[in-house]
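First comes the structure, then the notes that go with it.
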Amino acid sequence: MVDAKHVINELLVDVFNHILSIEADTLKKQGIKLSMTEVHVLEAIRNTEVPIMGHIAQRLRVTLGTLTASINVLARKGFVYRFRDNEDRRKVYIKLNQNAYNVLKIHDEFHDEMIDSIFKDLEIEKDEVLMKSLENISEYFKKRY
């Protein structure tokens with residue numbers, strides 16, 4: 001008898017690891033010399049409405065210290081710069097530069113291509129039960145974590 005918990009755990013971990021590995025290889029082949037963590041920090045900055053350190057850290061679910069270390073590296077590599085709010089010097093804004101947008105364009109294209117391929121190969125949009133299950137899994141993780 002198949003243990004559903006074991007199978008789902010292996011599938012989620014396997015898919016997650018494969019996506020990260022393929023994504024990293026794709027970026028490396030494009031000449032991007034950033035880790036996946038660094039790329040995801042850039043993505044979080046872009047997707048944060050008010051890109052101050054606290055909001056970005058919350059979005060990534062990391063501490064300010066962890067984010068500061070990442071931002072220091074990204075600034076040194078020439079992908080972001082930071083500046084303080086003139087009225088509230090405690091607020092540190094992070095701004096992406098063109099290098100960051102170029103990386104994110106490649107990153108977004110990877111995701112688009114991956115999803116297009118999945119839809120083409122598996123015809124997922126025709127499987128309403130699978131779509132609903134994936135939505136439920138996503139909601140679970142959003143609520144839980």
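The values are calculated or read from the model by the stated rules, or taken from the named source; none is laboratory data. In this text, all values refer to a predicted model and were calculated from it rather than measured experimentally. So basically every Cβ, Gly included, is an ideal-geometry build from the backbone, and we count neighbours across all protein chains shown.
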Which condition does ILE32 not pass, out of (1) surrounded by 12 or more Cβ atoms within 10 Å (Cβ to Cβ); (2) modelled with pLDDT under 95; (3) over 13 Å from the mean Cα position of the chain (by Cα); (4) in a helix (DSSP H, G or I), if it passes all the others?
-> (4)
Failed item, numbered, when ARG82 is tested on (1) basic (Lys, Arg); (2) surrounded by fewer than 14 Cβ atoms within 10 Å (Cβ to Cβ); (3) touching a strand residue (DSSP E or B) at 6+ places or on another chain (Cβ under 8 Å) | (2)
When you look at ILE19, is it in a helix (DSSP H, G or I), surrounded by 16 or more Cβ atoms within 10 Å (Cβ to Cβ) and aliphatic (A, V, I, L, M), yes or no?
-> no
Out of (1) touching a Lys or Arg at 6+ places or on another chain (Cβ under 8 Å); (2) closer than 22 Å to LYS142 by Cβ, what's the single condition that is false for MET36?
-> (1)
THR63, sole failed condition from (1) touching a Phe, Trp or Tyr at 6+ places or on another chain (Cβ under 8 Å); (2) within 18 Å of TYR145 (Cβ to Cβ); (3) not aromatic (Phe, Trp, Tyr) = (1)
For residues that are of a type in the set (Ser, Thr, Tyr) and touching a residue at least 24 places away in the same chain (Cβ under 8 Å), scanning just segment 26-38, find the one that is nearest to ILE52 (Cα to Cα).
-> THR37
Scanning segment 40-71 residue by residue, those closer than 20 Å to GLU23 by Cβ and of a type in the set (Val, Ile, Thr) turn out to be VAL41, ILE45, VAL62
Inspect segment 39-54 for any residue being under 17 Å from the mean Cα position of the chain (by Cα), surrounded by 14 or more Cβ atoms within 10 Å (Cβ to Cβ) and either of a type in the set (S, T, N, Q) or at pLDDT below 95 (or both) and give the result as yes or no.
-> yes
Boolean, ASN136 is surrounded by 12 or more Cβ atoms within 10 Å (Cβ to Cβ) and not β-branched (Val, Ile, Thr) = no
Out of (1) farther than 25 Å from ILE19 by Cα; (2) surrounded by 14 or more Cβ atoms within 10 Å (Cβ to Cβ); (3) at pLDDT 95 or above; (4) touching a strand residue (DSSP E or B) at 6+ places or on another chain (Cβ under 7 Å), the one LEU74 does not meet is (1)
